[in-house]
Every structure is written in structure tokens, then in C-alpha cells.
Amino acid sequence: MPTTKTERLGIKISDDVVRVRQLTRMLSVEVGLGLVDQTKVVTAASELARNTLDYGGGGEVIAEIVEQGGRRGVRLTFEDKGPGIADIEQALKDGFTSGRGMGLGLGGAKRLCNEFSIVSAPGTGTKVTIARWK
Amino acid sequence: MDRIPILKFGNALLVTIQVDMHDRLATALEEDLTSRIVSNNARGVLIDISALEVVDSFIGRMLDNIAAVSRILDADTVVVGMRPAVAITLVELGLSLTGVKTALNVERGMAMIHDRLAGSEADDADDED
């Protein structure tokens, strides 16, 4: 699908999570998402950015405005070179956490978006892609 | 490091979160509020989140923690001013903040705290009879 805009942002410190939220908000407004959808995708981005930082040891996000069949959307790809996830099924379950969170990050982010995919294996890092369409 | 200001208002503490908080700022607020409840003998905590465009699981957990800790320290926490889009998103995220008292705005939140104080003073008076 065609990409009309691409931004990259490193996720290295907790201020970067705030920057990811701001960037996601900016792109959501540009695409014309309604306020509730904006809030959902920004919240999902916040959860995933924190995962990248806390569990992946930092990484980056690629934020894009994409078009498909006359629809526009925001697509975010979070990538880290951290330890990876051995059991993705388990990681997506509410209440599962290996850290200090509530275990709502991955499953919650999935529920807040139209598209969600995750690629991860121990030792290779994690890549999570989400999209929200107008 | 930045801090969120905490105002004293009678025997209640008032916090208005005006900035997009990073995680350390949220954790600092939790710690600051806990010590201020004790040092000010506060009976209520009012947290105004009307300026917050996003409440994710970390900030949600912070609100939950503040409510739980303040309850143990005999103070009531009321969260006010949540935006409708934030409320919808929180529920979908799976965070229904069951331990947190909420009110639509600062006025109603203050009324809740005062009602509770009036109730407990009446109880005290009963005890003396």
C-alpha cells in the first residue's frame, strides 16, 4: 500500500514515549481520524513505545500515513533488538506481565487498533505493527 | 526534575495535571502525594485530569495506586474531568479503574470529599454519645 508520509523516532528514554504519543497524535489529526479514534491509536502507541523501552531495551518507531483503496490511515511499526518474546500467545493475554506493568500493553494495543501484527523470537528482537484506518 | 504541583485546599489536596506526563513524572507524583497526605493530614485528594488527552495503562495504574494508598492513609481520592474519549479508550484497553472514585468535574469531586468528611464527623459525634 502506498505510503504518503514517513517519520522515524528513536525510543531510548521515557521522554521518547511522550514524543511517540505526540507524533502519533499529529499524524492521526492529519489523516482526519475522529477524536475517539485518535485517542485509541495514541494510547496504543504509548503502550507499545513503553514495551519497546522497558522490555526491548529501546528501539525505534516508524510512523507512516498510508493509503489503501481510497482510505487513509496511520501505521506504526515498533522495532527493538531486545530479548524477544518466546510465547507470543501468552504475552497477548491480559494480565500477563514479565515486568512492572499491568499486563495490558500488547493485548490492549491490539484491541485499540484495526490491524495488529507481531513478529518476535528469542534473541532476535520484536517488531509490532499497528494501523488505524479512517 | 520537573514536579507536578500539589495545592492544599482546606483538608484536601488538589492536583491538576496539565502536562503530558512521562513515566518518571507520574511516579514522582505518586510519591509526592503520599508524603503530602501524611504531612498535611489530608482527608481527601482531588486529581483533575481534564487536560490529559491520553491515559494509558501506566497513568491508569498510577491513579489506581494513589487511590489505594490514600485509602490506607484514611484519605479519599477522587479523579475528576476525564475526557469522554479517554474513558472509552480506558475501558477498551481493559482498565476500568474499579478502585478509583470519579466525578464529572472539580465541583462535584469536592462535594464528594466534603460529604464523606461530614459523614465521618457525624460518626465521631455519635461515638461520643
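Closer than 26 Å to A:Asp16 by Cα, modelled with pLDDT of 95 or more, open to solvent by less than 10 Å² (accessible area, probe 1.4 Å) and β-branched (Val, Ile, Thr): is that true of B:Val45 in this structure? Considered against the rule, which asks whether it is closer than 26 Å to A:Asp16 by Cα, modelled with pLDDT of 95 or more, open to solvent by less than 10 Å² (accessible area, probe 1.4 Å) and β-branched (Val, Ile, Thr), B:Val45 comes out as no. Evaluated against (1) more than 17 Å from A:Lys40 (Cα to Cα); (2) surrounded by fewer than 21 Cβ atoms within 10 Å (Cβ to Cβ), B:Ala85 falls short on exactly one condition, (1). A:Gly34 passes every criterion in (1) open to solvent by 10 Å² or more (accessible area, probe 1.4 Å); (2) in contact with a Ser or Thr (Cβ under 6 Å, 6 or more places away or on another chain) apart from (2). Within the stretch A:18-36, none of the residues are at pLDDT below 95, under 16 Å from the mean Cα position of the chain (by Cα), under 27 Å from B:Leu25 (Cβ atoms) and of a type in the set (Ser, Thr, Tyr). Report whether or not B:Arg24 is within 14 Å of chain A (Cβ to nearest Cβ), closer than 29 Å to A:Asn51 by Cα and among the basic types (Lys, Arg). Yes, satisfied. Would you confirm whether or not the stretch B:105-113 contains a residue that is loosely packed, with under 15 Cβ neighbours inside 10 Å and assigned to a loop (DSSP other than H, G, I, E, B)? Scanning the stretch B:105-113 turns up at least one residue that is loosely packed, with under 15 Cβ neighbours inside 10 Å and assigned to a loop (DSSP other than H, G, I, E, B).
So, in the stretch B:58-85, how many residues would count as being among the charged types (D, E, K, R), part of a helix (DSSP H, G or I) and farther than 27 Å from A:Val36 by Cβ?
If we filter the stretch B:58-85 for residues that are among the charged types (D, E, K, R), which is where we start, we get B:61, B:64, B:71, B:74, B:76, B:83.
Right, trim to part of a helix (DSSP H, G or I) and you get B:61, B:64, B:71.
Checking which are farther than 27 Å from A:Val36 by Cβ leaves us with B:71.
Residues meeting the conditions: 1.
Each residue in the stretch B:91-100 was checked for being within 17 Å of A:Gln38 (Cβ to Cβ) and more than 8 Å from chain A (Cβ to nearest Cβ), and 1 of them qualify.
The values are calculated or read from the model by the stated rules, or taken from the named source; none is laboratory data. In this text, all values refer to a predicted model and were calculated from it rather than measured experimentally. Glycine also receives a Cβ, built like all others from the backbone with ideal geometry; neighbour counts cover every protein chain displayed. Just so you know, the surface numbers come from the protein's heavy atoms only, side chains and all, with ligands and any DNA or RNA stripped out. Shrake-Rupley method; radii C 1.70, N 1.55, O 1.52, S 1.80 Å.
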